[in-house]
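Asks: Dropping a structure here in structure tokens format, bear with me for questions.
The values are calculated or read from the model by the stated rules, or taken from the named source; none is laboratory data. The model shown is predicted, which means the values in this text are computed figures rather than measured ones. Here the Cβ is made from the backbone with ideal geometry for all residues, glycine too, and neighbour counts use every protein chain on show. Keep in mind that these areas ignore ligands, DNA and RNA; they rest on the heavy atoms of the full protein, side chains included. Shrake-Rupley method; radii C 1.70, N 1.55, O 1.52, S 1.80 Å.
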Amino acid sequence: MSDTFEIRNLQAKVEDKPILKGLNLTIRKGEVHAIMGPNGSGKSTLANTILGHPKYTVTGGDILLKGESILDMETDERARRGLFLAFQYPCEVPGVRMSNFLRMACSARVGREIEVMEFFEKLEAKMKRLEMDEKWVKRYLNEGFSGGEKKRNEILQMMMLEPEFAVMDETDSGLDIDALKIVSHGVNELRGPNLGILIITHYERILRYIQPDVIHILVDGRIVKSGDADLAKHLEEHGYDWITKEVAA
Amino acid sequence: MNQTAWQRYQQLPLPTRRDVDWQHFDLRGLKLDNIEKRAQPVTVKLSGKVPTGVIFGELAKHRDAAKSHLGKSITIEERHKFTALHDALWDNGAILYVPRDVRVTEPLEVTYDLPNHGSASFPRTLVVLEPGAEATLVQKFTGSPAVHASGTEVFVQRGARLHYVSMQNFAPTTYDFTLKRAHVAQDAEVDWVIGMFGGALARYDIECVMEGRGGTSFMYGVGLGENKQQLGQFTRQHHQTGDTTSDLLFKNVLRDQAVSNYTGTIKVEKDSNGTNAYQSNRNLVLSDKVQCDTRPILEIESNQLRCTHGATVGRLDDNQLFYLRSRGLSLTQARQALIEAFLEPILARIQIESVREEFSRLIHAKVIR
């Protein structure tokens, strides 16, 4: 129990539209899962619901982090307990400096004020891994960043915060091949017995660089098929049509 | 007492809500009876290293030096009742006079510690920078007078540069009427940052008169309103000459039942081609009960110029809050970070670190709670 992230029969809606219709998933630390699905299948709803975005309402089921339900927890408490979401569209926050923000976030995560020196040493090391220029830390959070820079910044935050379970929402979208390699390299370095990862993606491409242990297919708010890496290849070759037809039948 | 101004004060009617500039304000708490008998002498505290030749002191003690400019900007022609009141009753204040080509490198600071409940105070400030001079002036108004009506006349002559930070943090009972007007000559620059923090009602009229080619003015301001505070900002970018630039940004953070009215006039006179005038007013509203109005007025009589204006009234952005909280920041921390971020462009204009920190402290105390 202490090393699992478990979604049980989750149902969620946006405004009044039901999107997730009974989703089940269990991830153990050390595992990488991928959820693939066509547009509108509920991928982003899942990502946002896990972190408690106020726009999404859970109407049934449960989400358990290390055996404890998180549904009554505020977003920030979920984060402090070790959940992380790499956003599909990280928002720009002009006026908030990267370094100040990250230090606050890291302090919140560990529950104590992190010393400046200690913080910057760690930050510099992580940035080097992601081939990020040190000028970035003086910039405002995501302001004027290119799509690729924003995604890299998400991975930087993930490295700094050291979550126990991370959800990566369409991290590959908007990345050119070089940026994708850098980002994947970063994620692969984080892989290990202390972290469970859920990759949410439309395309198989990122899974060539970050190889998942399990692949799930999400259609109409439910996981309809799970399998190994071959499933992704099959989707890449045949698209989603066959599975939606199979589900409809 | 200046009798002519006093007569004008008595002739001008007390503004009412029918007056478009006053429609949002409640003046019922303002007591003007026997105002001339309630006026208290103004004392100023001065600090900073004053180079030889520079005059920085009490206005009453430097009448001769002041003579050439005093009353040249604030005149009997003023249209507002409270400016006339100030002009009628002021007796002292501060003067900064910097002779030609003298650069005052350290900031000079004047604090008006104004008297208490029931009393009234009418400080005047005169700032003259002769051609090529440079200075940084910090002006602070504190205390709890019932009525405060002040006037500041600024003359920045050819090629001179003034960095000027002014703030008030009156008690929540004070009615504050303030006029600040800067005259900017050829190739001169004035760089203002204004902080409006206290008072029951604070009405500021802030004006730049661009009189010479190549002149530049930066007018930046922050206003904070809490409880039932009333905030009025009436700015005027007056381009009398072409090839001049004025850049203005006023930002307000309002909570509880605060009332705010920003009115920004850009006036470009005939034959003032090559004018650049930018005006922006941004309001961050933290409660449903806030009343916030913003109004640009353009009076433009030249053709070839660049002029932009924009205004927004908004709340904290839900997606930004979610993003910050998804990294573990509490709601309070996230709100604080976003409010600070909103005001950052104003604070960044303040070149004196201690003053910037003081602004920051006041912002924390008033709106980040």
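Asks: Sort through A:Ser184, A:Ser173, A:Ser146 and tell me the only one that's crowded, with 17+ Cβ neighbours inside 10 Å and polar (S, T, N, Q).
Replies: Numbers: A:Ser173 fails: crowded, with 17+ Cβ neighbours inside 10 Å; A:Ser146 fails: crowded, with 17+ Cβ neighbours inside 10 Å.
Sole residue among the options that is crowded, with 17+ Cβ neighbours inside 10 Å and polar (S, T, N, Q): A:Ser184.
Asks: Here are some residues: B:Ala200, B:Ala182, B:Ala149. Which one is more than 14 Å from the chain's Cα centre (by Cα) and not acidic (Asp, Glu)?
Replies: On the way: B:Ala182 fails: more than 14 Å from the chain's Cα centre (by Cα); B:Ala149 fails: more than 14 Å from the chain's Cα centre (by Cα).
Sole residue among the options that is more than 14 Å from the chain's Cα centre (by Cα) and not acidic (Asp, Glu): B:Ala200.
Asks: Taking the range A:55-89 as the region of interest, how many residues are of a type in the set (Ser, Thr, Tyr), out of contact with any helix residue (DSSP H, G or I) (no Cβ under 7 Å at 6 or more places or on another chain) and open to solvent by less than 40 Å² (accessible area, probe 1.4 Å)? Please lay out each step first, then the result.
Replies: Taking the range A:55-89 first, the residues of a type in the set (Ser, Thr, Tyr) are A:56-57, A:59, A:69, A:75, A:89.
Subsequent filtering for residues that are out of contact with any helix residue (DSSP H, G or I) (no Cβ under 7 Å at 6 or more places or on another chain) retains A:57, A:59, A:69, A:89.
Filter again for open to solvent by less than 40 Å² (accessible area, probe 1.4 Å), leaving none.
Of the residues in that region, 0 qualify.
Asks: Related question: Which residue pairs have Cβ atoms under 8 Å apart, sit 6 or more places apart or on different chains, and have a first residue in the range A:226-238 that is over 20 Å from A:Asn24 (Cα atoms) and a second that is assigned to a loop (DSSP other than H, G, I, E, B) and of a type outside the set (A, V, I, L, M)?
Replies: A:Lys233/A:Glu204; A:Leu235/A:Glu204; A:Glu236/A:Tyr203; A:Glu236/A:Glu204
Asks: Has the range B:303-319 got any residue that is part of a strand (DSSP E or B), within 14 Å of chain A (Cβ to nearest Cβ) and among the small types (Gly, Ala, Ser)?
Replies: Looking only at the range B:303-319, we keep the residues that are part of a strand (DSSP E or B), and these are B:305-314.
If we keep only those that are within 14 Å of chain A (Cβ to nearest Cβ) too, we end up with B:312, B:314.
Next cut, among the small types (Gly, Ala, Ser) only: B:314.
Scanning the range B:303-319 turns up at least one residue that is part of a strand (DSSP E or B), within 14 Å of chain A (Cβ to nearest Cβ) and among the small types (Gly, Ala, Ser).
Asks: Continuing with the same structure: Let me spell it out: the conditions are (1) of a type outside the set (Phe, Trp, Tyr); (2) surrounded by 16 or more Cβ atoms within 10 Å (Cβ to Cβ); (3) farther than 30 Å from B:Pro131 by Cβ, and B:Ala65 meets all of them except one. Which number is the exception?
Replies: Single failed check for B:Ala65: (3).
Asks: From A:Gly82, A:Gly52, grab the single residue that is within 20 Å of the chain's Cα centre (by Cα), within 9 Å of chain B (Cβ to nearest Cβ) and at positive phi. Steps first, please.
Replies: Working: A:Gly82 fails: within 9 Å of chain B (Cβ to nearest Cβ).
That would be A:Gly52, the only listed residue that is within 20 Å of the chain's Cα centre (by Cα), within 9 Å of chain B (Cβ to nearest Cβ) and at positive phi.
Asks: Would you tally the residues in the range A:2-49 being touching a residue at least 60 places away in the same chain (Cβ under 8 Å), on the phi > 0 side of the Ramachandran plot and open to solvent by 10 Å² or more (accessible area, probe 1.4 Å)?
Replies: 2
Asks: Could you please tell me which pairs satisfy a Cβ distance under 9 Å, a separation of 6+ or placement on different chains, a first residue in the range B:210-236 that is over 23 Å from B:Ile339 (Cβ atoms), and a second residue that is crowded, with 24+ Cβ neighbours inside 10 Å and among the charged types (D, E, K, R)?
Replies: From residues that are over 23 Å from B:Ile339 (Cβ atoms), the pairs are B:Phe234/B:Arg203.
Conditions (1) free of Cβ contacts under 8 Å to residues at least 40 places away in the same chain; (2) assigned to a helix (DSSP H, G or I); (3) within 16 Å of the chain's Cα centre (by Cα), marked per residue:
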{"residue": "A:Thr57", "(1), (2), (3)": "no, no, no"}
{"residue": "A:Asp62", "(1), (2), (3)": "no, no, no"}
{"residue": "A:Asp72", "(1), (2), (3)": "yes, no, no"}
{"residue": "A:Arg78", "(1), (2), (3)": "yes, yes, yes"}
{"residue": "A:Gln88", "(1), (2), (3)": "no, no, yes"}
{"residue": "A:Ala105", "(1), (2), (3)": "no, yes, no"}
{"residue": "A:Ala108", "(1), (2), (3)": "yes, yes, no"}
{"residue": "A:Glu121", "(1), (2), (3)": "yes, yes, no"}
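Asks: Would you be able to say whether some residue in the range A:130-138 is open to solvent by 60 Å² or more (accessible area, probe 1.4 Å), out of contact with any Ser or Thr (no Cβ under 7 Å at 6 or more places or on another chain), in a helix (DSSP H, G or I) and more than 14 Å from chain B (Cβ to nearest Cβ)?
Replies: Within the range A:130-138 (the criterion being open to solvent by 60 Å² or more (accessible area, probe 1.4 Å), out of contact with any Ser or Thr (no Cβ under 7 Å at 6 or more places or on another chain), in a helix (DSSP H, G or I) and more than 14 Å from chain B (Cβ to nearest Cβ)), the answer is yes, since at least one residue qualifies.
Asks: Can you name every residue in the range B:310-369 that is charged (D, E, K, R), more than 25 Å from the chain's Cα centre (by Cα) and under 23 Å from A:Arg112 (Cα atoms)?
Replies: So the first thing to find is which residues in the range B:310-369 are charged (D, E, K, R), and the list is B:315, B:317-318, B:325, B:327, B:335, B:340, B:344, B:349, B:353, B:356-358, B:361, B:366, B:369.
After this cut, where a residue has to be more than 25 Å from the chain's Cα centre (by Cα) as well, the list is B:317-318, B:325, B:327, B:335, B:369.
Selection gives B:Arg325, B:Arg327, B:Arg335, B:Arg369.
Asks: State whether the residues of the range B:330-349 include one that is buried (at least 17 other Cβ atoms within 10 Å of the Cβ), more than 30 Å from A:Asn48 (Cα to Cα) and not charged (D, E, K, R).
Replies: There is at least one residue in the range B:330-349 that is buried (at least 17 other Cβ atoms within 10 Å of the Cβ), more than 30 Å from A:Asn48 (Cα to Cα) and not charged (D, E, K, R).
Asks: Using the structure shown, decide if B:Asn283 is at pLDDT 95 or above, away from chain A (no Cβ under 14 Å), closer than 19 Å to B:Leu362 by Cα and in a strand (DSSP E or B).
Replies: Details: at pLDDT 95 or above: yes; away from chain A (no Cβ under 14 Å): yes; closer than 19 Å to B:Leu362 by Cα: yes; in a strand (DSSP E or B): yes.
In short, yes.
Asks: Tally time: how many residues in the range A:55-79 are of a type in the set (Ser, Thr, Tyr) and within 14 Å of chain B (Cβ to nearest Cβ)? Steps first, please.
Replies: From the range A:55-79, those of a type in the set (Ser, Thr, Tyr) are A:56-57, A:59, A:69, A:75; that's our starting set.
Next, only the ones that are within 14 Å of chain B (Cβ to nearest Cβ) stay: A:56, A:75.
Selection size over the range A:55-79: 2.
Asks: I would also like to ask the following. From the residues in the range A:90-105 that are of a type in the set (A, V, I, L, M, F, W, C) and open to solvent by less than 40 Å² (accessible area, probe 1.4 Å), which one is farthest from the other protein chains (Cβ to nearest Cβ)?
Replies: Step one: of the range A:90-105, the residues of a type in the set (A, V, I, L, M, F, W, C) are A:91, A:93, A:96, A:98, A:101-102, A:104-105.
With open to solvent by less than 40 Å² (accessible area, probe 1.4 Å) added as a condition, the list becomes A:91, A:93, A:96, A:98, A:101-102, A:105.
Working: A:Cys91: 5, A:Val93: 5, A:Val96: 5, A:Met98: 12, A:Phe101: 7, A:Leu102: 8, A:Ala105: 4 Å.
Per the stated criteria, the residue is A:Met98.
Asks: So A:Met159 fits all but one of (1) assigned to a loop (DSSP other than H, G, I, E, B); (2) in contact with a Lys or Arg (Cβ under 6 Å, 6 or more places away or on another chain); what number is the exception?
Replies: A:Met159 satisfies every listed condition except (1).
Asks: Please work out which residue is nearest to the other protein chains (Cβ to nearest Cβ), limiting yourself to the range B:325-360 and to residues that are part of a helix (DSSP H, G or I) and basic (Lys, Arg). If you could, list the steps in order and put the result at the bottom.
Replies: Going through the range B:325-360, the residues part of a helix (DSSP H, G or I) turn out to be B:325, B:331-347, B:353-360.
Next cut, basic (Lys, Arg) only: B:325, B:335, B:356.
Details: B:Arg325: 4, B:Arg335: 12, B:Arg356: 15 Å.
So, considering only residues that are part of a helix (DSSP H, G or I) and basic (Lys, Arg), the one nearest to the other protein chains (Cβ to nearest Cβ) is B:Arg325.
Asks: Here's a follow-up. Search the range A:171-189 for residues that are farther than 21 Å from A:Glu31 by Cα and pair each with any residue that is part of a helix (DSSP H, G or I) when their beta-carbon atoms are under 6 Å apart and the residues are at least 6 apart or on different chains.
Replies: A:Gly174/A:Gly147; A:Leu175/A:Gly148; A:Leu175/A:Lys151; A:Ala179/A:Gly148
Residue-wise test of (1) open to solvent by 80 Å² or more (accessible area, probe 1.4 Å); (2) closer than 17 Å to A:Leu23 by Cα.
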residue	(1), (2)
A:Asn194	yes, no
A:Leu198	no, yes
A:Leu207	no, no
A:Pro212	no, no
A:Asp220	no, yes
A:Gly227	no, yes
A:Leu231	no, no
A:Tyr240	no, no
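Asks: Filter the range B:33-54 down to residues that are in contact (Cβ under 8 Å) with a residue 12 or more places away in the chain and over 23 Å from the mean Cα position of the chain (by Cα) and give me whichever is nearest to B:Val154 (Cα to Cα). Talk me through it step by step, then tell me what you get.
Replies: Taking the range B:33-54 as the starting set, the residues that turn out to be in contact (Cβ under 8 Å) with a residue 12 or more places away in the chain are B:35-36, B:38-51, B:53-54.
Okay, now just the ones that are also over 23 Å from the mean Cα position of the chain (by Cα), so B:35-36, B:38, B:49-51, B:53-54.
Working: B:Ile35: 27, B:Glu36: 26, B:Arg38: 28, B:Lys49: 21, B:Val50: 19, B:Pro51: 20, B:Gly53: 19, B:Val54: 15 Å.
Taking the candidates together, the pick is B:Val54.
Asks: Out of A:Glu162, A:Glu189, A:Glu143, A:Glu204, I need the residue that is of a type in the set (D, E, K, R) and either in contact with a strand residue (DSSP E or B) (Cβ under 6 Å, 6 or more places away or on another chain) or under 19 Å from A:Glu92 (Cβ atoms) (or both). Which one?
Replies: Sole residue among the options that is of a type in the set (D, E, K, R) and either in contact with a strand residue (DSSP E or B) (Cβ under 6 Å, 6 or more places away or on another chain) or under 19 Å from A:Glu92 (Cβ atoms) (or both): A:Glu143.
Asks: Can you tell me which of (1) modelled with pLDDT of 95 or more; (2) touching a Lys or Arg at 6+ places or on another chain (Cβ under 9 Å); (3) part of a loop (DSSP other than H, G, I, E, B) is the one B:Val50 doesn't meet?
Replies: Checking B:Val50 against (1) modelled with pLDDT of 95 or more; (2) touching a Lys or Arg at 6+ places or on another chain (Cβ under 9 Å); (3) part of a loop (DSSP other than H, G, I, E, B), the one that fails is (2).
Asks: Which of the numbered conditions does B:Ser280 fail, given that it passes all the others? Conditions: (1) closer than 22 Å to A:Ser99 by Cα; (2) open to solvent by less than 50 Å² (accessible area, probe 1.4 Å); (3) among the hydroxyl-bearing types (Ser, Thr, Tyr).
Replies: So the condition that B:Ser280 fails would be (1).
Asks: Among the residues of the range A:37-44, are any more than 14 Å from the chain's Cα centre (by Cα) and either in a strand (DSSP E or B) or within 14 Å of chain B (Cβ to nearest Cβ) (or both)?
Replies: No: the range A:37-44 contains no residue that is more than 14 Å from the chain's Cα centre (by Cα) and either in a strand (DSSP E or B) or within 14 Å of chain B (Cβ to nearest Cβ) (or both).
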